[in-house]
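Nothing in this text is a laboratory measurement; each read-out follows from the coordinates by a stated rule. Keep in mind it's a predicted model, so treat the numbers as computed, not measured. As a convention, Cβ positions derive from the backbone with ideal geometry for all residues, glycine included, and neighbour counts pool all protein chains shown.
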Amino acid sequence: MDLENALKTAADIIKKSNYLIALTGAGISVESGIPDFRSAGGLWEKYDPAVYAHIDSFRRNPEMIWEMLFDMIDLTKNARPNPAHIALAELEKKGILKAVITQNIDNLHQEAGSLNVIEFHGNAHRLECLECHYEEPVESPDFGRKPPRCPQCGKIMKPQVVFFGEMIPPDALLESQMLANSADAILVVGTSAVVYPASSIPYIAKQNRAKVIEMNVERTAITGSITDVFIQGKVGHTLPRLLELVCS
Ligand code: APR
């Protein structure tokens with residue numbers, strides 16, 4: 001199926017659906033200037049995720065992990081929502097999209113105007129103390145490249161994002177599963193769909209007979225299996241076009 005036909009098929013599905021949800025991943029923010037994790041040149045080429053993204057490493061050597069976090073902050077601090085984030089916010093405003101479940105921690109869906117956003121892996125704009133559980137929001141997570149310390153107990157704080165070895169926030173997990181159970185259509189946008197349990201969300205939806213519309217620059221683990229319509233291309237272009245067709 002060529003791109004325009006795939007978009008039209010997806011738009012028809014969405015027009016007929018009563019409960020559309022979206023699962024997004026790092027790919028939706030690439031056109032905002034934030035590299036994804038697994039494509040060539042991604043952050044995990046420089047930092048081994050088994051080491052740098054694991055909570056045990058943070059507990060052992062938070063200063064070392066903050067070096068990687070500061071690099072991540074440098075990449076994300078000037079990022080703004082792109083047309084793909086804005087198209088999803090627009091679909092929600094029109095009452096068509098019920099919720100965005102995102103694996104991203106960059107806050108760009110909220111900045112684009114999405115209201116019902118479930119943050120599966122947390123948000124880098126909040127800090128938490130693993131020692132005394134103090135939490136605080138942060139305007140700009142920069143800290144002059146010095147790891148921030150807890151104002152209560154003095155330990156180095158951690159961004160409230162989910163590291164490997166940590167639990168998904170229980171509310172986010174439960175709500176995402178409930179949404180996937182209610183959905184009759186799901187947009188799977190810019191994710192390699194390999195990191196569990198976020199990767200289970202499209203499967204839960206599919207089990208409940210939801211149509212799976214996948215939008216990615218390349219095929220993924222789900223493309224040949226549960227995807228009903230595959231829209232290949234950069235989502236900064238394809239999502240606004242899909243919105244146009246849904247609203248026509
Ligand atoms: N448009 C559409 N898709 C894109 C674009 C784009 N402009 N750019 C990249 N992609 C696709 C890539 O082809 C890839 O399939 O986005 C996907 C990004 O995949 P990953 O880098 O694996 O990111 P993600 O799926 O979000 O990773 C999940 O892994 O380590 C973690 O916690 C981290 O939340 C993250 C999780």
Note the direction-averaged projected area, equal to a quarter of the hull surface, for the Cα convex hull of region 158-243, in nm².
-> 6.5
Cα centroid separation, region 82-108 to region 149-227 (Å) = 14
Of the trypsin sites (Lys or Arg not before Pro) in region 138-210, which ones lie in a loop per DSSP and count no more than 12 other C-beta atoms within 10 Å?
-> R209
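Taking the mean number of other Cβ atoms within 10 Å as a proxy for protection, how do you rank 192-199, 16-23 from highest to lowest?
16-23, 192-199
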Rounded to the nearest 10 degrees, the helix 3-16 long axis (Cα) sits at an angle to the longest Cα principal axis of the chain of 90
Tell me which residues come under 5 Å, amide H to amide H, from L97 once H is placed; ignore anything under 5 positions away on its chain.
-> E92
Over the C-alpha atoms of region 102-232, what are the Rg and the largest Cα-to-Cα span, Dmax, in Å?
-> 17.3, 52
Amide H contacts under 5 Å for R126, restricted to residues at least 5 apart in sequence or on another chain and with H modeled in the peptide plane, are V138, Q160
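According to the Cα gyration tensor, what semi-axes, each the square root of 5 times an eigenvalue, does the equivalent ellipsoid of the chain have, listed from largest to smallest in whole Å?
Largest first, the chain gives 33, 18, 17 Å.
Just how many % of Cα pairs in region 95-159 lie over 16 Å apart, if you round to the nearest whole percent?
Here the tail beyond 16 Å accounts for 53 percent of pairs.
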Give me the number: length gained by fully extending Y196 to E67, i.e. 0.36 nm times residue separation minus the C-alpha to C-alpha distance, one decimal in nm.
-> 43.8 nm
Among 123-135, 174-186, 96-108, the order from most to least packed when residues are scored by Cβ within 10 Å on average = 96-108, 174-186, 123-135
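Run the numbers for K155 and D184: contour at 0.36 nm per residue of separation, minus the present Cα-Cα distance, in nm.
Extending this stretch completely gives an extra 5.8 nm.
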How high is the relative contact order of the chain, given as a whole-number percent (alpha carbon pairs under 8 Å, six or more residues apart)?
-> 26
